[in-house]
Amino acid sequence: MGVAATMAAIVARPPSIALLGKQTQGHRWVLGPLAFSSISSSSNSPSKPRKLVLYSKPGCCLCDGLKEKLQAAFLLSGSESLHDVDLQVRDITTNPDWENAYQYEIPVLARLLSDGTEEILPRLSPRLGVELIQKKISSALRE
């Protein structure tokens, strides 16, 4: 890969994974549309960000594939935009409760409700395109 292609790949990759800090049970990662944090409140977005949790673990190819597609879906615009969605990625190996609950199910995507509870969303096929993933998540967050 040439220098120009390498630079283009670096610039094209959005800085949307941020380490929030070390918790007692391990690292907590947040994947979100950092590049779009300055979107005006006059858009059709709700005033509070919508929140999702992705349960995964290192070395899980299905988890990594879904993370990549989610990152791409967050960058798409349009009526199904996910620019106001915060996605927290949780490593199940850092918490025995998460590991017991999801060890055979990951990746698991859940919607965080206003009362702090979680609602598991239907599994997204790894074969779905980014646009369809965006549409399915947007629809699930409206329910």
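The values are calculated or read from the model by the stated rules, or taken from the named source; none is laboratory data. All values derive from a computational prediction rather than experimental measurement. Glycine also receives a Cβ, built like all others from the backbone with ideal geometry; neighbour counts cover every protein chain displayed.
Considering segment 57-102, the residues that are touching a strand residue (DSSP E or B) at 6+ places or on another chain (Cβ under 6 Å) and of a type in the set (Ser, Thr, Tyr) include one that is farthest from Glu118 (Cα to Cα), namely Thr94. Check whether at least one residue in segment 69-81 is part of a helix (DSSP H, G or I), at pLDDT below 90 and loosely packed, with under 14 Cβ neighbours inside 10 Å, and report yes or no. No: zero hits. When Leu112, Leu132 are checked against the criterion of being surrounded by 10 or more Cβ atoms within 10 Å (Cβ to Cβ), within 19 Å of Leu76 (Cα to Cα) and of a type outside the set (Ser, Thr, Tyr), a single residue qualifies: Leu132.
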